[in-house]
Each structure stands twice: as structure tokens, then as C-alpha cells.
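Read the structure below first, then the notes.
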Amino acid sequence: MAEAAAGVAVAAAAAPSSVVHDELCMLPFSPELASHHRELAAAVASVERACRLCVDVKASLLSGDRKFLEKNDETPVTIADFGVQALISFELQQLFPSIPLVAEEDSACLRSLNADESNSNELVESISSFVAERVSNSGSPLSHADVLSAIDRGGKDAVSFDPNPATYWVLDPIDGTKSFLKGADDSLYVVGLALVVDGKLAVGVMGCPNWTDGITDKNNDESLAAPPGRGILMVSHVGCGTWSRPLSSEIDQFTTALDAWKRCFVDPCSIAHMARYCIVDSHTWDMMPLSLYFNSTMDQSDPRDENRILLQNSCGGSLSKYLMVASGRMSVFILLARAEKQIKAWDHAVGVICVQEAGGQTCDWRGEPLDFAADQTGRRIIYPWGGVLATNCALHDELVEMITATYN
């Protein structure tokens with residue numbers, strides 16, 4: 001079902017004089033079909049640079065240096081998280097200064113290290129160094145203050161919304177930081193960026209530097225084949241579909257061949273027990289209401305019947321699961337909303353548009369669309385009833401009915 005792209009080259013953005021993108025960002029559809037092609041082109045370029053920054057940082061972690069902190073919620077954050085947020089925030093501000101950014105990190109934990117000034121300076125210096133190597137900036141070199149300011153532009157106190165439909169970027173600098181730190185090839189991490197326009201998801205870009213052919217389902221269906229090489233870039237624009245191509249190599253800089261893009265479609269499975277399901281690694285199958293209907297196996301060689309499904313819960317955050325559903329590798333992603341853990345907009349926004357434009361559906365466990373404006377002032381938290389469900393379209397209604405019949 002993969003089809004070659006047909007489109008035109010689009011300049012990354014008509015940037016102001018302070019920032020000039022000299023590469024062309026080749027998109028798989030024409031500007032006439034994509035009203036936000038300028039924003040998408042800029043997002044693609046920034047996310048690809050951010051993915052390279054992640055690879056740089058990951059290589060440096062092999063040296064054994066401690067380049068991560070623990071946040072108040074006891075989740076890890078690395079200099080890559082800060083660096084990606086600084087890079088993308090800075091570039092988007094230069095190109096689209098009127099569009100605010102909602103992002104995961106802020107510099108509070110870096111600034112709180114002032115009691116140990118040498119440690120603080122070392123971390124900020126590392127972040128600034130990685131950002132300087134990758135950021136598109138024709139102006140003066142970024143100072144430490146510039147980098148911290150760029151990080152804080154997406155922080156929780158940076159912008160306050162009102163109840164009206166808003167336009168803003170949503171960024172998860174690294175979804176799957178624990179996977180990033182593990183270093184295993186099957187531990188996926190994703191840089192995810194979405195654009196909400198007048199309250200509706202309009203554009204999405206996901207970059208996964210360690211996505212490989214080796215994590216595909218073992219079958220001969222070409223519609224499920226990964227793009228050649230290591231790493232994937234997935235883009236989506238409302239009304240134009242979801243597309244993917246390999247991340248550009250260092251030598252190639254930015255991919256310019258239109259035929260590198262392949263159209264993404266959700267898988268066509270319409271039999272619930274034959275579908276492939278994925279959950280985040282912090283969950284178990286028996287936490288899901290569907291476990292009342294099906295047992296699970298993680299062994300693809302196990303025979304499946306009406307009472308057992310194939311499950312994957314490899315290490316990685318929510319966005320890697322949306323990536324799998326949108327690319328057709330998995331049929332269903334299901335997530336339980338837990339009282340002790342808030343569900344953040346950046347963990348879902350870009351995944352939702354990529355799945356939907358690939359032909360799938362997303363909703364809460366009542367079948368209602370995810371409401372990204374529920375957090376009226378911050379746009380940082382979503383409140384899905386029960387949890388989140390992302391499916392190929394063929395199974396959607398059946399699974400929602402099963403869930404609502406058993407979950408209270």
C-alpha cells in the first residue's frame with residue numbers, strides 16, 4: 001500500500017533576515033494542498049536537526065559522564081531533552097515569533113543547581129555546545145542565557161491561554177527518555193512536534209533515530225516494510241495524509257529526493273484477536289479492560305485463537321506506539337489513565353494527527369475525541385475518560401464497545 005510521493009520542493013521557511021535556512025525541505029505534497037506547508041517544512045528541518053543532536057548526545061553518554069537529572073516526578077531528563085527543546089524553540093521563535101510553544105521541559109532544575117555552581121555550569125555548557133553544533137542560526141552565537149531562555153519559552157509559565165481556540169506548537173523533546181538512556185536498539189525514543197491551529201491539530205512531525213527494519217513484524221507484507229536504513233521521519237498534514245522517509249545521513253544533510261517519501265497507512269486487520277496490540281512498558285495487559293476478552297502473548301510464533309492476541313510492550317513512550325500504528329506495524333495502542341499520573345498533551349498530540357491522517361482513529365475509552373483544550377489556560381494536560389485508544393479504523397468501533405461494556 002506504500003506509494004511514492006508526488007510533490008514539490010518547498011523552502012524550509014521564508015525566514016526573517018536573522019535566520020536563513022539554506023537547505024530545501026522536500027515535502028511529499030504540493031503547497032496548494034497544504035495550507036500550513038511553510039510551518040511543516042520548518043518543523044521537518046528542526047526535528048531532523050534535533051534527532052542528530054540526540055544521536056550526538058547518546059554517543060557522548062557512552063563515555064560514562066552523568067548527563068541526566070531527575071525531575072520532581074522522579075522521571076529522568078537528559079541534556080538531550082534540554083538541547084532539543086532549546087534548538088527547536090529557538091528556530092521556531094525566529095521563524096514564527098507570534099506562535100507560542102507548549103513543551104515538556106523548563107530550566108528550573110538547571111537553575112536550581114546554583115548551589116553547586118560548577119555542576120550547573122558544566123551541564124549548561126554541555127547543552128549549549130550541542131545546540132550550537134546543530135541549530136540553524138545566522139546571528140550571534142547563542143549564550144548560556146539564550147539557551148536557557150529558549151528552553152523556558154516552552155515551559156509551564158511561558159504562556160497563558162484563554163478558553164478560545166488557540167494556535168500553538170506542542171513539543172515533546174524526547175518521548176521515551178528512559179529508552180534513550182538504556183541505549184538498546186529496540187528501546188525507541190521519539191522527537192515529536194505538532195502544530196495546533198485554531199484549536200485543531202494541523203501538522204505533525206515525529207523523528208525516531210533508532211527505528212530500524214529489525215523491529216518490524218516478521219511477514220512478507222510490503223505495506224508494513226520500514227523505509228531502508230536506520231531512523232525514520234514521519235510527517236502529517238491535515239487533509240494530506242501521513243508520510244515517512246529515512247532520516248537523512250550526515251553526508252546527505254537533508255534528503256531532497258521526492259521518491260524517498262512513502263505514504264503511511266494503518267494496517268487493514270478487521271479481526272480483533274488477529275490484530276497486533278501495543279502498550280507502554282509501564283503497563284501490563286491485565287490492566288486493560290480488553291484482557292477480560294483476550295489473553296496475550298509476546299511470542300509471534302505462538303498460535304493465536306479467539307482468546308489470545310499478540311502484544312508488544314517494548315521499551316518506549318507513547319509516541320513510539322503511535323508511530324507503530326500509523327506505519328501499519330501495530331493495529332492498536334491502548335493506554336490506561338491512572339489517577340496518580342497526569343496525561344500530557346505532548347505525549348499524544350503529534351501521534352494523534354499521524355494516526356488519523358494514516359487512516360486510523362483515536363479517542364478516549366468512551367469513544368470521545370481527545371480534547372487538547374481541556375486545560376484551558378496551559379494546554380498542557382488532557383483528561384481522557386478511562387484512557388487513550390488508537391486503532392486502525394477497521395477495529396475501532398468493536399474495541400470501543402468492548403471497553404465501554406467492561407470499564408467503569
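Rg and Dmax of the stretch 272-405 over Cα atoms: what are they, in angstrom?
Gyration radius and largest Cα-Cα distance of the stretch 272-405: 14.1, 50 Å.
Exceeding 19 Å between C-alpha atoms, which entries from my cross-link table qualify? They are LYS182/LYS344; LYS178/LYS344; LYS200/LYS262.
With Cα atoms farther than 19 Å apart: LYS182/LYS344; LYS200/LYS262.
Quick one: which residues, 5+ away or cross-chain, put their amide H under 5 Å from the amide H of GLU105? H built at 1.01 Å from N.
It is none; the list stays empty.
Each label point is 7 Å from the Cα along the Cα-to-Cβ direction; what then is the distance between the points at THR284 and GLU340, in nm?
Reported label-point gap for THR284 and GLU340 is 1.5 nm.
Tell me, what is the 1.4 Å probe accessible area of SER187, in Å² to the nearest 10?
So the heavy atoms of SER187 present about 10 Å² to solvent.
What ³J(HN,Hα) values, in whole Hz, does the Karplus curve 6.51 cos²θ - 1.76 cosθ + 1.60 give for the stretch 31-40 when θ = phi - 60°, with x put for Gly and Pro?
Per-residue couplings from phi come out as x, 5, 8, 10, 5, 10, 5, 5, 5, 5 Hz.
Report the gain in length on full extension from SER112 to TRP385: 0.36 nm times residue separation, minus Cα-Cα distance, nm rounded to one decimal.
Working it through step by step, the gained length comes to 94.7 nm.
Summarise the accessible area of the stretch 272-405 (1.4 Å probe, protein heavy atoms) by the percent that is carbon and sulfur.
Details: 2270 of 5010 Å².
Carbon-and-sulfur percentage of accessible area, whole number: 45.
The values are calculated or read from the model by the stated rules, or taken from the named source; none is laboratory data. It should be emphasised that the depicted structure is a prediction, and the values quoted were computed from it without experimental measurement. Heads up, the Cβs are rebuilt from the backbone with ideal geometry, glycines too, and the neighbour counts pull from every protein chain shown. Protein only, heavy atoms only, side chains kept; ligands, DNA and RNA dropped before computing areas. Shrake-Rupley method; radii C 1.70, N 1.55, O 1.52, S 1.80 Å.
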